[in-house]
Amino acid sequence: MKRYEELKQYVFVVRQLVAREIKRKYSRSYLGILWSVLNPLLNMVVLSFIFTKMFSRSIENYPLYLLTGQTIWQLFTGATNAAMTVMVDNRVMLTRVKFPMRIFPIARVYSALVNYLYTFVAYLVMLLVFRIRPDITMLAAPVIILCLTLFSLGLGYLLAVAYVFFADIKYLYSVLLSLWMYCSAIFYPVEQLPEVIGRIIEANPVYNYIACMRETMLYASWPAPSQWLRMFLWAAVMYAAGSLAFSRSQNRIMQTV
């Protein structure tokens with residue numbers, strides 16, 4: 001019973017932290033949370049205008065192909081970037097309240113997930129606009145999103161620890177994300193690349209989540225068994241590694257922040 005009460009308390013704290021993060025993020029914006037919807041749609045329009053002539057013949061419904069990749073990528077980058085600085089941003093609360101430190105990264109990643117869910121509503125509307133018929137394969141989408149969230153949380157733990165002791169990791173990670181984005185096939189088809197490069201991109205965990213989401217949402221197809229296996233393995237391994245590193249570093253984090 002005591003364990004259950006503690007869990008309820010922690011869930012309440014996470015919800016409060018998430019509400020605070022969302023209010024802070026949009027506090028100076030007239031459109032507020034609507035930017036979570038408008039931003040990927042505007043990016044889709046701009047990039048579709050640029051790349052449609054290049055890929056429209058080889059990719060059906062190219063704007064949706066692009067939007068699917070963009071939204072998954074933004075969930076991943078939004079979650080990991082937010083989790084990276086969370087321990088330093090909340091240094092005052094760390095010394096004044098008594099609850100598990102891992103609640104802070106969880107709240108940041110959960111905030112990114114909430115923002116993504118707003119975007120996902122607009123994404124569903126775009127599916128209707130492009131006359132994509134609902135299919136049972138779309139039921140796999142929540143599983144894909146959950147795996148990506150766990151993967152992002154695990155990496156977020158690692159980044160949060162690294163940022164406490166090495167602040168320059170923020171800039172190095174920004175450079176890595178630029179390279180990572182181009183290796184995630186967000187706006188181009190992997191099939192048009194040389195075989196060796198294609199295999200390298202297919203080994204990219206974020207690309208695997210993007211490809212699985214496209215299969216289920218756009219092409220009414222279940223991901224291949226190998227894709228399912230990679231999704232679960234990447235999520236489990238990254239979460240386990242990040243959680244372990246974070247647990248072992250908690251005392252040092254308290255002494256440093």
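Give the long-range amide H neighbours of ASN204: residues separated by 5 or more places, or on another chain, with amide H under 5 Å away, using H modelled in the peptide plane at 1.01 Å from N.
none
Given a 1.4 Å probe and heavy atoms of the protein chains only, how would you sort LEU158, LEU139, LEU244, largest accessible area at the top?
Values: LEU158 60, LEU139 125, LEU244 90 Å².
Reading off the accessible areas and sorting them downward yields LEU139, LEU244, LEU158.
What are the ³J(HN,Hα) values, in whole Hz, obtained from phi via the Karplus relation 6.51 cos²θ - 1.76 cosθ + 1.60 with θ = phi - 60°, for each residue of region 110-119 in sequence order, with x given for Gly and Pro?
Whole-Hz 3J(HN,Hα) from phi for region 110-119: 5, 4, 5, 5, 4, 4, 5, 5, 4, 5.
First compute the accessible area of region 140-193 with a 1.4 Å probe, then give the percent of it belonging to carbon and sulfur atoms. Numbers along the way, then the final one.
Working: 1790 of 2420 Å².
Within region 140-193, the accessible surface is 74 percent carbon and sulfur.
The values are calculated or read from the model by the stated rules, or taken from the named source; none is laboratory data. Keep in mind it's a predicted model, so treat the numbers as computed, not measured. We work out accessible area using only protein heavy atoms, side chains counted, and drop any ligands, DNA or RNA first. Shrake-Rupley method; radii C 1.70, N 1.55, O 1.52, S 1.80 Å.
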